[in-house]
Amino acid sequence: MLSDNKKMISSTLEDVKFSLELIKRRCKEITSCDDFLKDDEGLEKLDSISMRLIAIGEGFKNIDKLSQNKLLKNYPTIPWKQVKGIRDILSHHYFDLDAEIIFEICKNNIEELLHVTKQIIFDVGER
C-alpha cells in the first residue's frame, strides 16, 4: 500500500469509526422503529443516522478504491456490498426511507461493523 494511500485509508477509517460510534450513541434510546417516527426528536435522529450511514458507505467505497479492492476482502464477516450499497439507496431514494430498515441496521449491524473497523484500523497501522 502506498504511503499516501495508507494515510488516506487510515483517515477515512477514523472518520467511519467516529460515525459508527455516533450512530451507536444516537440509537441508545431507540427501542423500536416507531421511536424514530413519534416526534421531531426521533425524526432528527433518523435523519442524522441516515446521513452517517451515507458517509460510512461512501467511506468504504473510497477505501476500496484506494486499496484497489484488496483491503476489505480480508474481512469477510461484513457484507461490504450492502454496507457500501446503503449509501446509494439512502442518497437516491431518500423519500422512500424506511425507519424499520434503519432501526434493524442500528440494532443488528453497527456493533459488528464498528468492531471490524477498529480491527482494520489496527491492521493498517501495523503494515
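Observations
- Residue within the stretch 33-52 that is over 18 Å from the mean Cα position of the chain (by Cα) and farther than 21 Å from Cys106 by Cα present: no
- Taken over the stretch 1-31, the criterion of being in contact with a helix residue (DSSP H, G or I) (Cβ under 6 Å, 6 or more places away or on another chain), of a type in the set (S, T, N, Q) and over 16 Å from Asn69 (Cα atoms) is satisfied by Ser19 alone.
- Note on the stretch 71-127: residues that are among the aromatic types (Phe, Trp, Tyr) and surrounded by 11 or more Cβ atoms within 10 Å (Cβ to Cβ) amount to 4.
- Members of the stretch 36-55 found to be touching a residue at least 40 places away in the same chain (Cβ under 8 Å) and not aliphatic (A, V, I, L, M), listed by number: Phe36, Ser50
- For the stretch 1-23, the candidate set comprises residues that are surrounded by 15 or more Cβ atoms within 10 Å (Cβ to Cβ) and of a type in the set (Lys, Arg); within that set, the residue that is farthest from Lys45 (Cα to Cα) is Lys6.
- Listed here are the helices (runs of 4 or more DSSP H) enclosed by the stretch 45-127 that have at least 3 residues being in contact with a strand residue (DSSP E or B) (Cβ under 9 Å, 6 or more places away or on another chain), and there are none.
Read-outs throughout are calculated quantities, based only on the coordinates presented, and are distinct from any laboratory measurement. All figures in this text were calculated on a predicted structure; none of them were measured in a lab. Glycine also receives a Cβ, built like all others from the backbone with ideal geometry; neighbour counts cover every protein chain displayed.
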